[in-house]
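The values are calculated or read from the model by the stated rules, or taken from the named source; none is laboratory data. Note that the coordinates shown come from a computational prediction; the quantities given were computed from them, not determined experimentally. Cβ: placed from backbone, ideal geometry, glycine included. Neighbour counts: every protein chain shown. Keep in mind that these areas ignore ligands, DNA and RNA; they rest on the heavy atoms of the full protein, side chains included. Shrake-Rupley method; radii C 1.70, N 1.55, O 1.52, S 1.80 Å.
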Amino acid sequence: MPKLYSGAEIVFKCLEDQNVEHIFGYPGGAVLPIYDELKNHPTIKHILVRHEQGAGHAAEGYARSTGKPGVVLVTSGPGATNVVTALTDAYMDSVPLVCISGQVPTHLIGTDAFQECDTTGITRPCTKHNWLVKDINDLPRIMHEAFEVATTGRPGPVLVDIPKDIQFAKAKYSKPKKEKKLNGKVLNKFNQKEIDQLVDLMKKASKPVFYTGGGVINSGPKASELLRELVALTGFPITSTLQGLGAYPGDDNQFLGMLGMHGTYEANNAMHDCDLLINIGARFDDRITGKIDEFSPKSKKVHIDIDPSSINKIVKVDLAIVGDVSDVIKSTTKTLKKKNLNLEKSNKQKISKWWQQIQKWRTKKSLNFINSDKIIKPQHAVQRLYELTKNQDTYITTEVGQHQMWAAQHYKFNKPNRWMTSGGLGTMGYGLPAAIGVQVAHPKKLVVDIAGEASILMTMQEISTAVQYNLPVKIFILNNQYMGMVRQWQELLHEKNYSESYSEALPDFVKLAEAYGCVGIRAEHPDELDEKIEEMINTDRPVIFDCHVDQAENCYPMIPSGKPHNQMLLGPKDQEANKITGKGKSLV
Amino acid sequence: MAKSKSAYSTPTKLGKIDTHIIVVWVDNEASVLSRVVGLFSGRGYNIESLAVAEVDQKNNLSRITIVTTGTPQVIEQIVLQLKKLVPSSQDHSTSSVKFLA
Ligand SMILES: Cc1ncc(C[n+]2csc(CCOP(=O)(O)OP(=O)(O)O)c2C)c(N)n1
Ligand SMILES: [Mg+2]
């Protein structure tokens, strides 16, 4: 007779067999048997958050910075509904999460029992898949399948809803099956013919550009290495989406900077004028395409992606290569080398004009801003933070708003998995819990959340988690007292009617830090900025840094919604001349 | 030409809207219909007609027949999304999507 285990034991046996070391969670009635079992599994460390949304974002930060799935444990009802934002966030940005939720016992399901909600119903549209476990004998299989679904193909969140009686019930345990059916191999549907076609297009192109995204990061660090090799081999310019930053060195000469709504002038114009656009692991999101009908009108388009449903979803492409980014790049590089096409040399002539054009765009210096010696400009603050932290391996998370865009523009990333930001969903409150997750995974590294004062208040309570576990995260608030991004849009679109975008009352962040038992630092003048940043870096405890910045600063350059790539606003003057009217006004 | 009922379709991109029949074989279990239908409702696509019934008792398979309208791009997206549904049976090959017309 094989040994029988309780549902709660099986959950942990599965986590152990999946090599899980950390889970982020919050207890409640419907998960108490699982919490009770925690003590028997010393290899698994539980991080107690202060709100289930925080658990979800922390698991996201953990996953994005390690490449491993993040694990979340919440109770039924409010526990489950609180985690929905984080699940949706992970779904949009393709982050592997396994969320385990407690549920009321099976015989009470459907009776409006205390803390009952239709968790699988609510989370169906924001997970890759979810399961309600109704039979204890299914639990081991479902748990292992959950990890498999979350981490294979295009990664994403999954949820396993376990009723309380199932947590007590007993069953046999079985280890995960070795043979994985959904793994990369099966999903690599490309063949050599497609690679040959790609190489052919590359050979013929005179205005090529690589447009890379989060898929390169998700494919693992190897993909970034391979990408660097491919870019060097071809001599082509490369731009990246918000999620892809770090896959290619931000300070390299072939890198045009980020593209899209707040991307650089050179990146967006290169996208518009190119004759060959090679999308690697990006998804033609509306933040990067601008007006879709006028998107890159003269180019042949290639799309490399692991998710077949991403192909032709928004932009029709001429060549689709469905597969894991690493494998596709590897095959491409191999083919290029075999055919002895050193494009960098042989094509130099051909694309030299293109590079000249790009240099011309570069002279616009679209990220420039007018600095001040009286008031801290937010861009300047990010630049100083970069200069003072670049010689150590720093991990950056952000909240959502202007500060996020300034971080993306002015902080240069050289390695993958160092940049965690909420792109698809744009979730204010993501950055602090994400930083906690990153710090849990990398205890010795410097982790900074570049934050806005409005966003940080959405998940502020997680600083208490950081204090509890001695996680020395640094919360670097670019405090403009406004929901800056909202204010900017109101300035641009609503005749400066700053409706409800000013925070009349804000906490004293230094005192708040002290109340939480961490360190508060304030900088109000450009002269003291460097010294204060140094102080923050050298503090081995969590820090809230209240950086008072110019309240009126706007984030440029900008493609106004409804406009194509080549109609960027470079600064306030352009803005006056290009009032957004008509349809553009209704876009987000 | 009928107007697209999708909340998200951009008027400038409208291709020709045609009626299509899509057949999906799924494991016969709770929530599977909701998963399939959710793909349509979540994207603002309309279902003109829907029929579901168990067709293979031994293998626990149901057949879902959906009539829908859309541009070629929308229909392609629907089919690709349906193919991504995770079948819940242990055998990953049971759920399949067929595009009839
Ligand atoms: C949860 C959530 N609610 C609302 C928004 C809409 N929104 C986007 S940016 C923003 C303002 C952010 O203000 P702050 O954190 O101070 O950043 P800033 O733009 O000032 O740098 C708001 C309200 C959002 N992205 N997320
Ligand atoms: Mg602000």
Span from the the stretch A:310-347 Cα centroid across to the the stretch A:202-220 one, whole angstrom: 8
Neighbourhood net charge (11 Å Cβ-Cβ; Lys/Arg +1, Asp/Glu -1) for A:Asp530: -4
For q = 0.09, 0.10, 0.14, 0.20 Å⁻¹, Debye-computed log10 I/I(0) when each Cα of the stretch A:378-548 counts as one equal scatterer: -0.27, -0.34, -0.67, -1.41
Centre separation in Å (Cα based) which lies between the stretch A:1-80 and the stretch A:458-492: 27
Neighbouring partner chain Cβ atoms per residue of A:147-154, average, 10 Å criterion: 1
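Residue by residue through A:307-316, how many Cβ atoms from other chains fall within 10 Å of the Cβ on average?
Neighbouring Cβ atoms belonging to other protein chains average 4 per residue here.
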Debye log10 I(q)/I(0) at q = 0.12, 0.13, 0.21, 0.23 Å⁻¹ for the stretch A:342-448, Cα point scatterers: -0.59, -0.66, -1.10, -1.21
Derived scalar couplings ³J(HN,Hα) [the stretch A:365-372; Karplus, 6.51 cos²θ - 1.76 cosθ + 1.60; whole Hz; x for Gly, Pro]: 6, 5, 8, 5, 8, 8, 7, 9
Values of log10 I(q)/I(0), in the order q = 0.11, 0.13, 0.17 Å⁻¹, for the stretch A:192-362 under a Debye, Cα-only, solvent-free model: -0.38, -0.54, -1.00
Normalised convex hull volume, the stretch A:402-469, alpha-carbon set, Å³ per residue: 95
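Report the equivalent ellipsoid semi-axes for the protein assembly as shown in whole Å, largest first, defined as the square roots of five times the eigenvalues of the gyration tensor built from alpha carbon atoms.
39, 34, 24
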Heavy-atom accessible area per residue - the stretch A:192-252, 1.4 Å, Å²: 31
Cα-based radius of gyration of the stretch A:240-328 once divided by 2.2 N^0.38 Å, which approximates compact folds: 1.04
Net charge, A:Gly110 excluded, C-beta distance under 10 Å - Lys, Arg +1, Asp, Glu -1: -3
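Using helices alone, what [θ] at 222 nm do you get for chain A, with -39,500 (n - 2.57) per DSSP H run of 4 or more residues, divided over all residues and rounded to the nearest 500?
That comes out to -11000 deg cm²/dmol.
Direction-averaged shadow area of the convex hull around the Cα atoms of the stretch A:201-286, nm²?
Reported value for the Cα convex hull: 5.2 nm².
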Mean Cβ neighbour count within 10 Å, used as a protection proxy, ranking A:277-287, A:104-114 highest first: A:277-287, A:104-114
Summed side-chain charge close to A:Ile477 - residues other than A:Ile477 whose Cβ falls under 11 Å, Lys, Arg +1, Asp, Glu -1: -2
Taking all pairs of distinct alpha-carbon atoms in the stretch A:5-171, Kirkwood radius in angstrom: 15.2
